[in-house]
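Colleague: Structure in structure tokens, see below.
The values are calculated or read from the model by the stated rules, or taken from the named source; none is laboratory data. Fair warning: this is a prediction, and the values are worked out from it, not measured in the lab. Every residue, glycine as well, gets a Cβ built from its backbone with ideal geometry; the counts of neighbours run over all protein chains shown.
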Amino acid sequence: MICFRHPTPLLQIGSLPPVHCDRQWLRTQIADAAAKAGVTGSYWMGDDIADAILLYLENHFPGGAIPLDQLRAKARQLFHNIGAAHIARHLDLTPPPAHLDLDTLAADAGEGFELSFFTGLAEKLDELARNGIPKVELTGLKPCVKTLRRARSWRKDCEALAAEICAFLQSIPRPQAAISG
């Protein structure tokens, strides 16, 4: 298989696998910092600064993955250089949401091995929390439940397991989990 390198270096967050440095995530982080710094309305330079950071990463960053701390330092330095130190002080660059497919976890656990699934899910969420991930977007709840129940179609016992998984996710303090699909 041939894979072309994406021009933007990946974002390295702790010991997790690198993730794509998302333009919208960066724009949101800059807008949040501007709001915390007391900028009223939308920060008119925010999108341009986010684009400038990404252009730097695409054209001048020597590595394939930039650690989040290094990106934060470079972004703060950029704000200082353009005379916006008041925004730099509020620029945290919290890690972007992680994506986790529940059906993949269920397949790894094996059909009918619910206890192994819950153990694997807890371990994965703990790893994400240890690496500072504030939010996890979960997908594949229905396929996950059908895999664990060995069901071809949705049944009443599937509904009960789905509710149990949702209750488990709501019981954990961190990271915040949101299920879609």
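Colleague: Could you list, in sequence order, all residues of the stretch 36-58 that are in a helix (DSSP H, G or I) and without any contact (Cβ under 8 Å) to a residue 40 or more places away in the chain?
Modeller: Applying the first criterion (in a helix (DSSP H, G or I)) to the stretch 36-58 yields 36, 46-58.
Passing the criteria: Gly46, Asp47, Asp48, Ile49, Ala50, Asp51, Ala52, Ile53, Leu55, Tyr56.
Colleague: Going through Phe113, Phe118 one at a time, which residue ends up being among the aromatic types (Phe, Trp, Tyr) and either within 28 Å of Gly14 (Cα to Cα) or in the same structural domain as Leu71 (by TED's automatic domain parsing) (or both)?
Modeller: Details: Phe113 fails: either within 28 Å of Gly14 (Cα to Cα) or in the same structural domain as Leu71 (by TED's automatic domain parsing) (or both).
One residue alone meets the criteria, Phe118.
Colleague: Select from the stretch 85-103 the residues that are surrounded by 14 or more Cβ atoms within 10 Å (Cβ to Cβ) and either within 18 Å of Val19 (Cα to Cα) or free of Cβ contacts under 8 Å to residues at least 12 places away in the same chain (or both) and list them in ascending order.
Modeller: Those that are surrounded by 14 or more Cβ atoms within 10 Å (Cβ to Cβ) and either within 18 Å of Val19 (Cα to Cα) or free of Cβ contacts under 8 Å to residues at least 12 places away in the same chain (or both): Leu93, Thr94, Pro95, Pro96, Pro97, Ala98, Leu100, Asp101.
Colleague: While we're on this one: Please find, within the stretch 132-146, the residue that is farthest from the chain's Cα centre (by Cα) out of those that are part of a loop (DSSP other than H, G, I, E, B) and surrounded by 16 or more Cβ atoms within 10 Å (Cβ to Cβ).
Modeller: Gly140
Colleague: Out of all the residues in the stretch 87-124, which are within 17 Å of Arg27 (Cα to Cα) and either in a helix (DSSP H, G or I) or over 25 Å from the mean Cα position of the chain (by Cα) (or both)?
Modeller: Narrowing the stretch 87-124 to residues within 17 Å of Arg27 (Cα to Cα): 87-97.
Residues satisfying the conditions are Ile87, Ala88.
Colleague: Here is a further query. Out of Gly14, Gly83, Gly38, report the one residue that is on the phi > 0 side of the Ramachandran plot and in contact with a His (Cβ under 9 Å, 6 or more places away or on another chain).
Modeller: Checking each option against the conditions leaves just Gly38.
Colleague: Another question, then. Starting from the stretch 162-181, keep only residues that are loosely packed, with under 12 Cβ neighbours inside 10 Å, then list their pairs with residues that are among the β-branched types (Val, Ile, Thr) whose Cβ atoms are within a distance under 8 Å, requiring at least 6 positions of separation or different chains.
Modeller: Listed by first residue and then by second, the contacts come to Ser180/Thr139.
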